[in-house]
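The values are calculated or read from the model by the stated rules, or taken from the named source; none is laboratory data. Every value quoted in this text rests on a predicted model; they were computed, and no experiment measured them. Reconstructed Cβ throughout: ideal geometry from the backbone, glycine too, with neighbour counts over all protein chains shown. Ligands, DNA and RNA are stripped out before the accessible areas are found, and what is left, the full protein with its side chains, is counted by its heavy atoms. Shrake-Rupley method; radii C 1.70, N 1.55, O 1.52, S 1.80 Å.
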Amino acid sequence: MTGKNSSLFRFVIILVLVVKIKIQLSDESEFLVDRSNTGLTHIPKELSLETTTLDVSQNYISELQTSDILSLSKLRILIISHNRIQYLDISVFRFNQELEYLDLSHNKLRTISCHPAVNFKHLDLSFNMFEALPICKEFGSMSQLKFLGLSATQLEKSRVQPIAHLNISKILLVLGETYGEKEDPESLQDFNTDSLHIVFPVKKVFHFILDMSVSTAISLELSNIKCVLDSECSYFLSALVKLQNNPRLLNLTLNNIETTWNSFINILQSVWPTTIEYFSISNVKLQDQLDLRNFNYSHTSLKALSIHQVVSDVFNFPQSNIYKIFSNMNIQNVTVSGTHMIHMLCPSQISPFLHLDFSNNLLTDMVFKDCGNLIELKTLSLQMNQLKKLANIIHMTAEMKSLQQLDVSQNSLRYEEDEKTCSWTKSLLSLNMSSNILTDSVFSCLPPKVKVLDLHNNRIMNIPKDVTHLEALQELNVAFNSLADLPGCGTFSILSVLIIDHNSISHPSADFFQSCQKMKSIQAGSNPFQCTCELRDFIQHIGQLPSEVVEGWPDAYKCDYPESYKGTPLKDFHVSPLSCNTGLLIVTIGVVVLVLAGSVTVLCRYLDLPWYLRMVCQWAQTRHRTRNVPLEELQSTLQFHAFISYSGHDSAWVKSELLPNLEKEDIRICLHERNFVPGKSIVENIINCIEKSYKSIFVLSPNFVQSEWCHYELYFAHHNLFHKAFDNLILILLEPIPQYSIPSNYHKLRTLMAQRTYLEWPMEKSKHGLFWANLRAAIRIKLMAQGKEINHTQS
C-alpha cells in the first residue's frame, strides 16, 4: 500500500473509532491536544491533566516511558504513529485505565512486552518491523477489541491462537518486504474477524500461497498485487479461486494492481462465480494486449462492480474486445471511472443494468447511440467526459424508458436554438447538466417531468418566461451563471428549492416571494447587489423568512454598489421611505409648498409682509449711502433735537400746542412740511429726518393709526433704535386708541404701546403744565445721555 492510501485508510479507521468513542462518552467533556508534526523527541511534560485525546504523530519520538503519560489518567485516545519507537512495554499504560485507542503504526517497532495488558478497543501496530506477528497471550483478554493492526515478515498459525476466540471487527495485516521466504498457507485461518485487509509487499511479485479465505470474513481487501506477466498471475488467480471456500464473503476490494490485460480479465472471471456481491478495483496499471476471448457470465452473485483509476501502457489492440465484455455484464451496477475509456458498446441483448457510472473518461456523445437494450437503466453518470452536443444526449435517452437520473456535468455540452430534437425520455426525474456551456436556449428543451434540475456554472443569462412544461420541477440550481434577476414561479408552480448564488443579480424583484409561495430553501447570496431604493422590498421580504429557508443569510448577502455601501450586509442597509417613493416625495413637496404659500399669504394679509420688505429695502439703501461717513461728520449731521411724526388731522394741536412749548426751550424740531427736501422721495425724506434727529416724537391718536405714512415713520424710527443701540423714541398719546382699532399688520405699534411708557395728553387744563414739564425733562435727560455716549465714543 502506498503512503497516500495507507494514510487515507488510517484516517478513516481513526475517524470511525473516534466518533464511536465520542458517542459512547458524549455525556463527558473532551479535551483534545494536537502536537503532531512539531519536531517532538519525547512526550511533552506540560500537558493538561484533563487531556482525553493526544496526537503526537509525525515527530521524532524514539521511546515511550511510564512517566510520560503517568499523569494523564483521563487519556482515552493516543496517536503516536510515524515516529521512531523501536521497543514498547505495554505496562507503561497501566495507570491509564481509560485508554481505549492506541495508534503506534509507522514506527520501527521490533518487539513488545505485553504484561499487563490493557483492554483496548483499537490497537494499531501495523507498518512496523516485526518479524513475527506481535500477538501476545495477554491480547486474549482484550474483550472490547474492535480493530487490530498487525505487521510481520513471517506468518505462523500458532501466533494467532491467543486471539482466535475474539470477534474483532477489522484486522489490518501488513506484510514486510521479506515476506514469502517461509510461508504457512493456513496461518490466517484462525482469525475471527468480519473484515480483513492484507497489504502485500510493494515491490514483490505475487508468488504467495497464502490462503485468504478466512471463514468468518465478510469483507476482504487486498493491496499491492503485482504480476506483470501472465505466467506470474497464476498464484493470485489460485488465491482468488480459494475464496469460494468462504460462503460468507460478500465484499472484495483490490488496490494497487499491476498486471496484464489478460490477467485483469482473468481476475474478473475468477471472481464472477463466487459468492462475492460487491467487487471494487482501484489504482490499476495494465500492460500488454488483450486477446480476443469469451467471458462466462453465468452463476454469479455479483451485484456491483467498481473499477477506478486505470492506466494502460498499450491500446494498440481492438478495444471493442474490452467494451464487449463490460457492456454484456449481467449485473445491476457497474462503475468504470478514471480509465481513459473512449467508447462503450450497447449491450447485445436486454441488459439488467440499473446503475451505470462512466464518469471521468473520454466518452463522446456517440455513446449508446440508438441503443434500445438499456430499458431497465435508472441511473446514468457521464460526468467529466468529452460530450459536446446535447441533442445527441437527448436522443440517447429516448430509448432508456426507465431512466430517472442522468448526470452529464463537467462536459462541453451545447444546445443550439435551431435544434429540432427534443425527445427526452419521459421517465427522467433528476438531471445534472452543470459545468457545461449551455445558454438560455436549454430551457426550450428539458425533460417534461424533471423534478431536480442542476444547471449551475453555465452561460445562462435569462430564464424565459414562456417555459410552460416544467410543472413538476421542485429543485433548481442555476448558481454561477449570468442571471440578472430571480425567476418567478409562474412556470415552476411547485418549486421549493432555488440555488441562484454567484450570478449578476443587482436588483432582485420582490415579486419573486409572491409567486413562489412553496419555497422551502433559497440560496441567492454572493450576487452584486446594488443597494438602492429598488432593493428595499427584496430586503424586507427576505429578512422576514426563517433562517432555515434563506441559506447564507445574512453573511453572503452584501452590497456591491454604490461604493459607499460596498461590503455592507443587506440587513444593515437602510434608506428613508421618502427618498425612495417618488409619489410620496411629490406629495411631500406639494404639502411643503402649500404650507409655505399659506404662510406667505398669512404674512402678507395679516402682517403686511410686502410692506415690511419694502421698508427694509428703503432703509438698507439709505444706510448704504451713509455707512462710510466718519463719526465726526455723522455727528455733525444731527441737526435736530427731535423729529415729530403725526397725522395731518392732528396738525392743529401740534402747531398750536406742541411746537410752541418745545421751541421756546431752544429745542430744535424737524417737521415734514418745513424740513423735507424737494426732489427726494417721501420715504427717503422720512429716513433722513429720523437719521438727523436725536429723538423721534410720535403723536398717537386714532388718526395716527389710520395714516400709512405715520406707520412708515414709526417703523423706521423703531429700526433706528436698534441700529444706534440707544433709546430715541418718545410716545405721546393724544387721544385714547382702542386695541381693536389698531390694524393687525401694525404689530409694531401694538408692541410699543404694550411694552413702552408713553406720555398721555391730559384733557384737564390744570394738568397741562405737568405734561410739558415731563416732556421737556424727558427730552433733556435723553439728550444728556446721548451726549455722554457720543463723547465716550469719540474718546
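Side notes on the structure shown:
- Screening S647 on (1) at pLDDT 85 or above; (2) open to solvent by 10 Å² or more (accessible area, probe 1.4 Å); (3) among the polar types (S, T, N, Q) shows it passes everything except condition (2).
- Comparison of S515, S526, S547 shows that the only residue that is under 23 Å from L476 (Cα atoms) and at pLDDT 90 or above is S526.
- Among all residues of the range 526-549, there is none that is closer than 24 Å to F480 by Cα and touching a Gly at 6+ places or on another chain (Cβ under 6 Å).
- In the range 481-507, the residues that are open to solvent by less than 10 Å² (accessible area, probe 1.4 Å), part of a loop (DSSP other than H, G, I, E, B) and either under 18 Å from W553 (Cβ atoms) or β-branched (V, I, T) (or both): I500, I505
- Close pairs from the range 692-707: first within 23 Å of V677 (Cβ to Cβ) and in a loop (DSSP other than H, G, I, E, B), partner open to solvent by 10 Å² or more (accessible area, probe 1.4 Å) and at pLDDT 85 or above, Cβ under 7 Å, at least 6 apart: K692/F640
Results for (1) more than 21 Å from M344 (Cβ to Cβ); (2) assigned to a loop (DSSP other than H, G, I, E, B); (3) touching a residue at least 24 places away in the same chain (Cβ under 8 Å); (4) not β-branched (V, I, T), shown as yes or no for each residue.
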residue	(1), (2), (3), (4)
T274	yes, yes, yes, no
Q289	no, yes, yes, yes
L305	no, no, yes, yes
V311	no, no, yes, no
Y323	no, no, no, yes
F326	no, no, no, yes
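- Counting the residues of the range 508-531 that are among the hydroxyl-bearing types (S, T, Y), on the phi < 0 side of the Ramachandran plot and open to solvent by 40 Å² or more (accessible area, probe 1.4 Å) gives 1.
- The range 166-183 - residue that is over 20 Å from V205 (Cβ atoms) and open to solvent by 40 Å² or more (accessible area, probe 1.4 Å) and, of those, nearest to the chain's Cα centre (by Cα): S169
- Members of the range 667-676 that are more than 22 Å from L775 (Cα to Cα) and surrounded by 10 or more Cβ atoms within 10 Å (Cβ to Cβ): N675, F676
- Residues (under 14 Å from V408 (Cα atoms) and open to solvent by less than 30 Å² (accessible area, probe 1.4 Å)) located in the range 455-474: L455, N458
- Count of residues meeting criterion [open to solvent by 30 Å² or more (accessible area, probe 1.4 Å) and among the aromatic types (F, W, Y)] in the range 199-239: 1
- Residues located in the range 328-374, provided they are of a type in the set (S, T, Y), closer than 23 Å to N262 by Cβ and assigned to a loop (DSSP other than H, G, I, E, B): T339, S348
- From the list L75, L104, the lone residue that is closer than 20 Å to L172 by Cβ, open to solvent by less than 40 Å² (accessible area, probe 1.4 Å) and either out of contact with any Pro (no Cβ under 6 Å at 6 or more places or on another chain) or at pLDDT below 95 (or both) is L104.
- Test: residue in the range 396-403 that is assigned to a loop (DSSP other than H, G, I, E, B), within 23 Å of C445 (Cα to Cα), open to solvent by 70 Å² or more (accessible area, probe 1.4 Å) and among the hydrophobic types (A, V, I, L, M, F, W, C): no
- Checklist (1) modelled with pLDDT under 95; (2) open to solvent by less than 10 Å² (accessible area, probe 1.4 Å) applied to K137, failing item: (2)
- The condition of being small (G, A, S) and over 42 Å from the mean Cα position of the chain (by Cα) holds for S348.
- Every condition in (1) over 23 Å from L354 (Cα atoms); (2) at pLDDT 95 or above; (3) open to solvent by 50 Å² or more (accessible area, probe 1.4 Å) is met by V311 except one, and the failing one is (2).
- Any hit, the range 364-380, residues being open to solvent by 60 Å² or more (accessible area, probe 1.4 Å) and more than 43 Å from the chain's Cα centre (by Cα): yes
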